[in-house]
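Comments concern the structure below.
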Amino acid sequence: MTGETTYLGRITIAPKAIATIASQAALQSYGVVGMASKNFVDGIANVIARDPRHGVDVNAYEDHMSIDLYVIVEYGTRISSVAGSVANAVRFQVERAIGMPVSAVNVHVQDLRVSDTD
Amino acid sequence: MSDVIPQIDESTRQRLIGRYTTVDGNMLRRLTAAGLAWLRTNQQLVNSLNVFPVPDGDTGTNMVLTMQSAMDETSKETNRSIGQVAHSIAHGALMGARGNSGVILSQIWRGFSRMLDDLEMMDVESMAAALSEARETAYKGVVRPVEGTILTVTKDIADEAEKAVKNGTHSAYELLERIVVAADESVQRTPELLPVLKEAGVVDSGGMGLFLILEGMLRAVYSLPLDQPVIGVQPLSALNLDNASEAIEPGQDWEVVIDFHPEPALDIQDFYNHLETLGTSIQVGEGDGIMRMHIHVPDKTEYEPIEYVKTLGTITNVAIENLMAQMAEQSSKQALDGIQLETIQAGDIATVAVAPGIGIARVFASLGVSSIVEGGQTMNPSTQEILNAFENLPTDKVIILPNNKNVVLAAKQVIGLTVKQVAVIPSVSVPQGISALFAFNKEGDFNQTVEAMTAALDDVQCIEITTATRSVEIDGVQVQEGQIIALLNGRLAVSGDDIEQVAKDVLALAKAGEMELITFYYGADLNARHANEIADDIRQIYSDQEIEVVEGRQPHYQIIMSIE
């Protein structure tokens, strides 16, 4: 639980809420075609997570947080650029909504989706 | 027809239609080079359209670098078939894709080239098919496409191409013309589709970049110049004359603004061309039958624009201002107005930073500094000035960042002159001061905060570039008076005659290739365009590093760089 205390009381934000913001931001980023379930060993045939939040891990600390994203990227894009853009977009949207600094966004590219081969 | 298409007579048009019915690989290569050149010319325009404060670099710069990589790749290609050339462009764009817009651009090329695979030549049918495939490929790269972006523009031009071919367009030249018009209209529509653009009063930057690439291709067909930026008439309300006076350079002594009724109607291109012979910083606005022109001209020619405009219509109003006098007044006023300093409450820790320029002061303010003292290399603030900066703050815990080794001592003397608890972080450069502020927490424990900030000083390397005031030899580096020199962490490291070369040499010496972020504060003696050119050059070399350009406006030092 992430939270701050105001003079009226305490505000807490569940990691799930933060994961929702992060996954929405990631899915709007160009090159990301899905979130991956981080537990590959589950043996799910389809790696694409049904609930996009399953591809997000939020670690909240006292005054900052770090986010791990498990994404699937479109084959044929420059993966480093896509990952960089995702990290920027997620940090920006989360910091804007929550108002707490995001100290790290780790992007794990779990798979590529091949729509077309060249 | 849209005003992006120049007026040409019918016989020239027919000749172009006949000459460019198809496009081969060589032609595509030439067109792409033209698109890149035109985009590069208007790069700053595209950059200025960025509305998202996401640190993703600038759209214009990212698209230029992506296209540059595409061009580099295809210039190695000797095959003349359109399929081969298109593939090498797509490959180069993929390898050099930078930022969001660059990745999308590379996908557009990827789709475009796929349809041309084994073709020698491209006719209108294959061109339309390639554009459709570009649209499909671009849209496949994202789950939730945002409309009102470069994606929408791609879709609109592909749709237009399909329509045109159905309607019997049979020349590639004609098709390109229609695509450029469609792209222009599509870009103008982006604010209707994406509210954030409308709020900011701009069109989409990526879409604009794509339009400029296509327009550059068309301009090449018309043999129009590619090295002069887009000109245009803005609505009067959009004419921002306050900002225009910010970038004043030598030879811009007078600002002349004239309102007039043109009679007969004005040929804007001719008007601009003539104004360009008179001066710089040209802006033209239009509204309610009145035209307003704004220009900066050198001394003794301040009446020439008036004489010229007299020949075009009736003048209703003229304003002439002496810019040099204005500038002198501004700099003597030490204008720190408009900077939002951190407000603090009793018990908080306040920071006081010494800043050598207004731009750097802004950076400090954005990082939570509560008070700024102006000063630096040749204008060391006195102990009293530093004391005055925080005596009235409502807290008794103060941290001072001197940001210059000559100021550290004066700052330390403050400690004995106040009852407040004061610590001096011995920052000897602006980058060190900024680095220390990242460890600052106004609600933190005083001693821990001081410790953390002091430890952060060494996280950053500092480069200062200036002009040598005397000839000297230090540490084996020979310097002639008037040469450009670079100091690395306070020690003379490189000298030379060319500022760009000096900047590159000292970055190599600092092993910038092993770092992550290079921040580039350009001083009052360097204009924004030159600074951006140097930064772009550095970007080419350090493509793995983030390069940020900040207007520091510090005196004496043309460039201060931090590397971390």
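Counts of other chain beta carbons within 10 angstrom of each beta carbon in peptide A:64-75 average 1. If one computes the Cα centroid of the range B:465-484 and of the range B:77-133, what distance in Å separates the two points? Answer, in whole Å: 50.
In chain B, the longest principal axis of the Cα atoms and the axis of helix B:268-278 are about 40 degrees apart. Each helix, a run of at least 4 DSSP H residues, gives -39500 (n - 2.57); summed and divided by the residues of chain A, these come to -9500 deg cm²/dmol at 222 nm. Would the range B:334-455 count as rounded, prolate or oblate if I go by the C-alpha gyration tensor, calling it rounded below 1.5 in a/c and otherwise prolate when a/b exceeds b/c, oblate otherwise? Cα axes put the range B:334-455 in the rounded bin. Each peptide among B:62-74, B:451-463 gets the average number of other Cβ atoms lying within 10 Å of its residues, and from highest to lowest they stand as B:62-74, B:451-463. The dipole here belongs to the protein assembly as shown: it is taken about the Cα centre, uses +1 on the Cβ of Lys and Arg and -1 on the Cβ of Asp and Glu, and is about 1400 debye. Antiparallel beta bridges, as assigned by DSSP with both residues in the protein assembly as shown, represent about 65 percent of the total such bridges. What do you get for the angle between helix A:15-28 and the principal long axis of chain A? Use alpha-carbon atoms, 0 to 90 degrees, nearest ten. Tilt of helix A:15-28: around 40 degrees. Each DSSP beta bridge with both residues in the range A:2-113 is either parallel or antiparallel, and the antiparallel ones are about 55%. Taking 27 Å as the straight-line reach from the Cα of B:Lys442, the lysines in range (excluding those fewer than 8 positions away in the same chain) are B:Lys397, B:Lys405, B:Lys412, B:Lys420.
Measure nothing fancy, just the Cα-based angle from helix B:59-75's long axis to the longest principal axis of chain B, in degrees from 0 to 90, nearest 10. For B:59-75 against chain B, the angle is about 60 degrees. For chain A, modelled as a Gaussian network with Cα springs under 10 Å, which listed residue fluctuates most, A:Gly99, A:Gly55, A:Gly34? Per the Cα network of chain A with a 10 Å cutoff, A:Gly99 tops the list. Of the residues B:Phe364, B:Leu65, B:Pro381, the one whose Cα sits farthest toward the positive end of the charge dipole of chain B, with +1 on the Cβ of Lys and Arg and -1 on the Cβ of Asp and Glu, is B:Leu65. The ranking of A:Tyr61, B:Tyr521, B:Tyr542 by Cβ neighbour count inside 10 Å, starting from the fewest, reads A:Tyr61, B:Tyr542, B:Tyr521. Rounded to the nearest 500, the 222 nm mean residue ellipticity of chain B from helices alone is -14500 deg cm²/dmol, with -39,500 (n - 2.57) taken per DSSP H run of at least 4 residues. With a cut-off of 10 Å between beta carbons, the residues surrounding B:Val297 carry a summed charge of -4, where Lys and Arg count +1 and Asp and Glu -1.
Antiparallel beta bridges, as assigned by DSSP with both residues in the range B:334-455, represent about 5 percent of the total such bridges. Take each residue of peptide A:20-28, count the partner chain Cβ atoms within 10 Å of its Cβ, and average: the result is 1. Would you work out which of B:Leu210, B:Pro145, B:Val460 lies farthest towards the positive end of the dipole of the protein assembly as shown, given +1 charges on the beta-carbon of Lys and Arg and -1 on that of Asp and Glu, about the Cα centre? Among B:Leu210, B:Pro145, B:Val460, the one farthest towards the positive end of the dipole of the protein assembly as shown is B:Pro145.
In terms of its alpha-carbon gyration tensor, the protein assembly as shown comes out oblate; a/c meets the 1.5 threshold, while b/c is at least as large as a/b.
Over the whole of A:111-118, what's the average partner chain Cβ count within 10 Å per residue? Rounded to a whole number, please.
Per residue, the average neighbour count from other chains is 3.
Comparing A:Ala17, A:Ala83, A:Ala36 in a Gaussian network model of chain A, where Cα atoms under 10 Å apart are tied by springs, the biggest mean-square fluctuation is seen for A:Ala17.
Placing one equal scatterer on every Cα of chain A and applying the Debye formula, the log10 ratio I(q)/I(0) at q = 0.14, 0.15, 0.18 Å⁻¹ is -0.57, -0.64, -0.87. Close amide H contacts of B:Val369 (hydrogens built in the peptide plane, cut-off under 5 Å, sequence separation of 5 or more or a different chain): B:Glu342. Amide H contacts of A:Ser29: none lie under 5 Å away among residues 5 or more positions distant or on a separate chain (H built 1.01 Å from N in the peptide plane; Pro and chain starts excluded).
Sequence-ordered 3J(HN,Hα) estimates for the range B:138-154 from the Karplus curve with 6.51, -1.76 and 1.60 and θ = phi - 60° stand at 4, 6, 6, x, 8, 6, 10, x, 9, 7, x, 10, 4, 4, 4, 5, 4 Hz, glycine and proline given as x.
Between the residues B:Leu266, A:Val94, B:Thr280, the greatest Cα displacement towards the positive end of the dipole of the protein assembly as shown, with unit charges on the Cβ of Lys, Arg, Asp and Glu, is found for A:Val94. The order of B:Lys310, B:Lys76, going from fewest to most other C-beta atoms within 10 Å of their C-beta, is B:Lys76, B:Lys310. Neighbours of B:Gly375, meaning other residues whose beta-carbon lies under 13 angstrom from its beta-carbon, give a summed charge of -1 when Lys and Arg score +1 and Asp and Glu score -1.
Shown here for the range B:490-543: GluC sites (Glu not before Pro) in loop regions (DSSP other than H, G, I, E, B) with at most 14 other Cβ atoms within 10 Å, namely B:Glu516.
Laboratory data are not the source of any read-out in this text; all were calculated from the coordinates shown. Keep in mind that what you see is a predicted model, and the values were worked out from it rather than measured. No Cβ is skipped: glycine too gets one built from the backbone with ideal geometry, and neighbour counts run over all protein chains shown.
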